[in-house]
Structures are given as C-alpha cells and as structure tokens.
1. Quick check on my filter: what residues within segment 37-54 are surrounded by fewer than 13 Cβ atoms within 10 Å (Cβ to Cβ) and over 18 Å from N116 (Cβ atoms)?
2. Output the helices (runs of 4 or more DSSP H) that fall wholly within segment 1-115 and possess 3 or more residues being within 19 Å of N154 (Cβ to Cβ), or say none.
3. When R108 is evaluated against the numbered criteria (1) of a type outside the set (F, W, Y); (2) out of contact with any Lys or Arg (no Cβ under 8 Å at 6 or more places or on another chain); (3) within 18 Å of A135 (Cα to Cα), which criterion, by number, is the only one it fails?
4. Examine segment 10-17 for a residue that is at positive phi and not hydrophobic (A, V, I, L, M, F, W, C), and state whether such a residue exists.
5. Of all the residues that make up segment 83-117, how many are touching a residue at least 60 places away in the same chain (Cβ under 8 Å) and of a type in the set (S, T, N, Q)?
Amino acid sequence: DHVAAHVARVHAEMKTQGIAYDRYAYSKFQEECDYLGLEIDHVPHPQGGKNRAKPLDKWVETAKKEGKSAPLGLWMPGSVKAVEEAFMDKRIRLRLSPLLMTALMGARLERDAHDNGWFVKQKATVRIDAAVALAMAIGLAEHAPPPPKKKMYNVFFV
C-alpha cells in the first residue's frame, strides 16, 4: 500500500500516463491503487519476446475516432527498441543510479530472426528488474495515444 500511495502522490504532481505491468502478482497492487481512488491506466506488458498484450479499449476507440488503424498492444521487443532509439536519438538522459546502471550493464538480450530483442533474466549476470522497468515505461510512453513526438522522458523508479 505504501508503493501505491507513492504512485498516487507522483501521479497527482506529474499526471502519469499509466502503469505498464507484468501480470504476475500485479492484482494486489492494482487493488491498492483502486482503494486509493487512483485513476490511472493499468496497461499489461508481457516480459518475453513471443507475446503481445491486447491494447487498451480506449486506445482502440481513440484510433477509430481519428480514422487510424487499431494500435497494437505492448510487448518487450517493441519496448526494447523504443529504449534503444531514445538513447541513439539522445531523447533520454538517465540520472546516475547504481541500481539502474548495474541492471543495464548486466542485462542480456535475446534476439529472434527478425531482430526483435527482449531481456532474458536467466542469462543476466545481475538482477535486471530496473532495466526491464525502464523498457516497460518507455514502451508505454511511446505507444499510449496520442503518440508523442520526439521528446525527453522523465522516468522514476519506486
């Protein structure tokens, strides 16, 4: 409940777009957010490279209203690519965080024949949760309508 309360405070100040999550053990946190009355999108984001989440209904509705094709849901290869592009385009700047830097340096990617990449925890040399969370956050920021133009991101870790 203290994490949900912290997220509620940050959301009140920064108008957070949403929370990308892996389904494993997430329901309790979502219940805590609901109890606090936190109105924020909870967006599923699978961890591997094989599955894509279903897009939020409101994303599909927004696309229809704008005459665009239905958006795709989040998946780790798309989010990893978004992080790589943000670094290459110098649209992301990370504050020195030993936790995040260690996770990024110890992370290992697996790639398929189409050059889709995703983190593989079993091949990592350290805990990579912070690197995975960074990819999920950037992936959500890139996919949530309206699509952002090339901009800087503010990402925080609880």
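1. Residues satisfying the conditions are G37, E39, K54.
2. Correct list: 2-14, 76-88, 98-106.
3. (2)
4. Yes, because at least one residue in segment 10-17 is at positive phi and not hydrophobic (A, V, I, L, M, F, W, C).
5. So the count comes out to 2.
Per-residue answers, yes or no, for (1) over 28 Å from G117 (Cα atoms); (2) touching a residue at least 24 places away in the same chain (Cβ under 8 Å); (3) open to solvent by 30 Å² or more (accessible area, probe 1.4 Å):
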position	(1), (2), (3)
T16	no, yes, yes
Y24	no, no, yes
Y35	yes, yes, yes
K64	yes, no, yes
G73	no, yes, no
K81	no, yes, yes
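The values are calculated or read from the model by the stated rules, or taken from the named source; none is laboratory data. Just so it is clear, the model here is predicted, and its values are computed rather than measured. Please note: Cβ atoms are built from the backbone with ideal geometry, for glycine as well, and neighbour counts cover all protein chains shown. Accessible surface areas use protein heavy atoms only, side chains included; no ligands, DNA or RNA. Shrake-Rupley method; radii C 1.70, N 1.55, O 1.52, S 1.80 Å.
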